[in-house]
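> Before anything else, here's the structure in question.
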Amino acid sequence: EADIYQTPRYLVIGTGKKITLECSQTMGHDKMYWYQQDPGMELHLIHYSYGVNSTEKGDLSSESTVSRIRTEHFPLTLESARPSHTSQYLCASSDLRDSPLHFGNGTRLTVT
Amino acid sequence: GIQVEQSPPDLILQEGANSTLRCNFSDSVNNLQWFHQNPWGQLINLFYIPSGTKQNGRLSATTVATERYSLLYISSSQTTDSGVYFCAVGRTGRRALTFGSGTRLQVQP
């Protein structure tokens, strides 16, 4: 079983607030990813990392930022949330050999 | 980048029916995975199948990498099979997988 955890599961916040979505994995995976997904729609890659201190932006432009200070931890931060950020955010991880990709349960963010 | 097309986009089945979902991709890959997203939004990895055939219970998958397609077979479908099925492809190295737009499956009792 994959061990990748996201918190919070649901978050409702007001416009302008700063938020951090947490993602941790206990598998020692080098690669970690953040995807954004509207319900039932395709996944859009917004950030990825292939190791400590390496991060890259994905295909979908995002106002969020990420950090990778520890292998197991890959938090995503929004400095000033807006209603357009309302979506589901999914974290995933895999090793460098492209083992199966494992997803967390996601964070459903609503910005009012 | 690699283009991924899934078909059909939507599928409605009666319980007990069989189905085949298709994933076409535009370039050579050495990584292909199938996922199921349940109605609660959770994504489960079904198969890691860059080539060949694998089976897991009522599900099986076949990838023909040289012809750039993969098929996911669902036999004797159940209502719990409902959800969205995604195909994702890529190449080994420091690149992320590219996801298709999914096949939305509804299995009716």
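The values are calculated or read from the model by the stated rules, or taken from the named source; none is laboratory data. It should be emphasised that the depicted structure is a prediction, and the values quoted were computed from it without experimental measurement. Note: areas computed on protein heavy atoms with side chains; ligands, DNA, RNA excluded. Shrake-Rupley method; radii C 1.70, N 1.55, O 1.52, S 1.80 Å.
> Output needed for the protein assembly as shown: three equivalent-ellipsoid semi-axes, defined as square roots of 5 times the C-alpha gyration tensor eigenvalues, in descending order, whole Å.
Taking √(5λ) for each Cα gyration eigenvalue gives 29, 21, 15 Å.
> Here is a follow-up. For chain B, what is the accessible area per residue in Å² when the probe is 1.4 Å?
Per residue, chain B has an accessible area of 47 Å².
> With a 1.4 Å probe and all protein chains left in place, how much of the accessible area of the protein assembly as shown comes from carbon and sulfur atoms, in whole percent?
49
> Between A:Thr71 and A:Lys18, what length comes free when the chain is fully extended (0.36 nm per residue of separation minus the Cα-Cα distance, one decimal in nm)?
Using 0.36 nm per residue and subtracting the Cα-Cα distance, I get 16.7 nm.
> Taking chain A as a Gaussian network, where each spring joins two C-alpha atoms under 10 Å apart, which residue of A:Ser93, A:Ser24, A:Ser62 fluctuates the most?
A:Ser62
> Something else: Would you kindly calculate the translational diffusion coefficient of segment A:24-74, applying Stokes-Einstein with the Kirkwood radius from alpha carbon pairs, for 10 °C and a viscosity of 1.306 mPa s, and quote it in µm² s⁻¹ without decimals?
So the translational diffusion coefficient is about 139 µm²/s.
> Provide the gained length on full extension for the span A:Asp38 to A:Glu79, in nm with one decimal, where the gain is 0.36 nm per separating residue minus the Cα-Cα distance.
That works out to 12.7 nm of additional length.
> May I pose another question? Under the Kirkwood approximation applied to all pairs of distinct alpha-carbon atoms, what is the hydrodynamic radius of chain B in Å?
Evaluated over chain B, this radius sits at 13.9 Å.
> Using every pair of alpha-carbon atoms in segment A:4-111, split the distances into 10 Å bins beginning at 0 and state the percent of pairs per bin, rounded to integers.
Percent of pairs per bin, in order: 16, 52, 28, 4, 0.
> Turning to a different aspect of this structure: As a test question: what accessible area, to the nearest 10 Å², does A:Glu79 have when a 1.4 Å probe is rolled over all protein chains in place?
110
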